[in-house]
Amino acid sequence: MNVLILNGPNLNLLGKREPEIYGSETLADIENAIRHRAFDQGLATDFLQTNHEGVMLDRIHEGRERFDAIIINPAAWSHTSVALLDALKAFEGRVIEVHLSNIHTREAFRHHSYISSRAEAVIAGMGSFGYLAAIDYLAR
Ligand code: DQA
């Protein structure tokens, strides 16, 4: 199984950005942990973090034939982007949505995610372990 791990805007600043909410690990730390876990589970991985919505949409389109599943932390686009929802609807594989924080205990504008209606599962509030849980779940 080939899995594409997508991280949306501002997640390149993990470790520096609001560490009391998002933790002290960097995105590189998290991606390494995911890579190792996926390897142990026999899954192949590819990664993209971008602050540019069109770049993410293009990667999802290109990935239509290549990937069996997408694990995505859409970050702020969760709450704003019908375009990202539509791109994920055009992807035929499995989609798991991950948030580091529990978006439901935060500001009201974070409670709704456009992406969740397309996701097979939504993980929120487990910190970086959420990505590893998503890998384990896909591997089952
Ligand atoms: C986030 C939650 C979003 O509301 C926020 O905009 C993010 C990160 C999370 O991982 O908890 O950038 O997706």
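Suppose we take every Cα in the chain and form the convex hull; what volume per residue is that in Å³? If you can, show how the numbers build up before the last one.
Numbers: hull volume 12.8 nm³, N = 140.
Enclosed volume per residue, from the Cα hull, is 92 Å³.
Charges only on Cβ, +1 for Lys and Arg, -1 for Asp and Glu: so what's the dipole of the chain about the Cα centre, in debye to the nearest 20? Can you show the working numbers first?
Working: 13 positive and 18 negative charges, 29 e Å.
Magnitude of the dipole: close to 140 debye.
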query: If you take the beta carbon distance between residue 107 and residue 136 as r and set R0 to 41 Å, what does 1/(1 + (r/R0)^6) give as a FRET efficiency, to the nearest 0.05?
result: 0.85
- prompt: ³J(HN,Hα) across the stretch 67-78 via Karplus (A = 6.51, B = -1.76, C = 1.60, θ = phi - 60°), whole Hz, x for Gly/Pro?
  reply: 10, 8, 8, 10, 9, 10, 9, x, 6, 5, 5, 3
field: Cut-off under 5 Å, modelled amide H: who pairs with residue 102 long-range
entry: 125
- prompt: Roughly how many whole Å is it from the C-alpha centroid of the stretch 77-140 to that of the stretch 1-26?
  reply: 13 Å
- prompt: What distance in nm separates the simple spin-label points at residue 58 and residue 12, each placed 7 Å from Cα in the Cβ direction?
  reply: 1.5 nm
- request: Identify, among 72, 27, 126, the residue whose Cα sits farthest towards the positive end of the charge dipole of the chain, taking +1 on the Cβ of Lys and Arg and -1 on the Cβ of Asp and Glu, with the dipole about the Cα centre.
  value: 126
- prompt: Not counting the cut sites, what is the longest span of the chain without GluC sites (Glu not before Pro) that DSSP labels loop and that have at most 10 other Cβ atoms within 10 Å?
  reply: 1-64
- prompt: Anyone know which of 80, 105, 45 comes out most mobile in the 10 Å Cα GNM of the chain?
  reply: 105
query: Given H placed on each backbone N at 1.01 Å, which residues far from residue 121 in sequence or on other chains put an amide H within less than 5 Å of it?
result: 97
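No value in this document is a laboratory result; all are computed from the given coordinates. Model, not experiment: these values are computed from the prediction. Cβ atoms come from the backbone with ideal geometry, glycine included; neighbour counts cover every protein chain shown.
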